[in-house]
Amino acid sequence: MTDEPMPELARIADPREVTPGLRAELVDCWIAVTNSGGAAGFPFPPVREDVVAPAVDALVARLHPHGGRLVLARTGGALAGWVALHRDPHRLVGHWGTVHHLQTRPGLRGRGIGSALMRELRRAAREELGLEQLHLAARGGEGLEEFYARLGWREVGRWPGALRLAPEDTRDEVLMLLAPL
């Protein structure tokens, strides 16, 4: 990590807060992350806007003051990264949320942006949604378990060989938990 200033962080809970400009930034970031090899939801690069934009629209549609958050990081006014949180409204599982698509622009990695996003998401989950725990699934073989462990997450299981990236590249899906918040 460098001595650069930390990013400006923002939380979004309402789809109407996602302007066309922000939507374009989210799509562009997701394309850049995926096409650089990032494990952010599209396992088979390259991807284009026509593939990523509908996924962004679906993610934005799930935002809700009681059930979803989008946390943004900006540096110099530009989107540096983002992460999403979804909470199922069913009372059986409504005490926990699922983290989706943590990503930092490739040229900005190693500056603490991903860690800052995850810490802010944890605060939003606890303070705004009253959640008790967070879950996520990560692609094995990327070093992600170590990244999340540094932030207090622990591995609670794996789906062995669940992710087939290529005929000779099958990975575990790593299940992780953060509790208490």
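The values are calculated or read from the model by the stated rules, or taken from the named source; none is laboratory data. Computed from a predicted model, the values in this text were never measured in an experiment. Here the Cβ is made from the backbone with ideal geometry for all residues, glycine too, and neighbour counts use every protein chain on show. Just so you know, the surface numbers come from the protein's heavy atoms only, side chains and all, with ligands and any DNA or RNA stripped out. Shrake-Rupley method; radii C 1.70, N 1.55, O 1.52, S 1.80 Å.
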With respect to PRO89, is the statement that it is open to solvent by 50 Å² or more (accessible area, probe 1.4 Å), out of contact with any strand residue (DSSP E or B) (no Cβ under 9 Å at 6 or more places or on another chain), part of a loop (DSSP other than H, G, I, E, B) and touching a residue at least 12 places away in the same chain (Cβ under 8 Å) true? no
I'm checking my understanding of the structure. Among residues of segment 14-55 that are of a type in the set (Ser, Thr, Tyr) and within 29 Å of ARG164 (Cα to Cα), which one is most open to solvent (accessible area, probe 1.4 Å)? SER36
Residue that is least open to solvent (accessible area, probe 1.4 Å), among those in segment 1-13 that are assigned to a loop (DSSP other than H, G, I, E, B) and of a type in the set (A, V, I, L, M): ALA13
Out of the residues in segment 56-69 meeting the condition of being assigned to a strand (DSSP E or B) and not small (Gly, Ala, Ser), tell me which one is least open to solvent (accessible area, probe 1.4 Å). ARG69
Going through (1) buried (at least 16 other Cβ atoms within 10 Å of the Cβ); (2) without any contact (Cβ under 8 Å) to a residue 40 or more places away in the chain one by one, LEU72 fails only at (2)
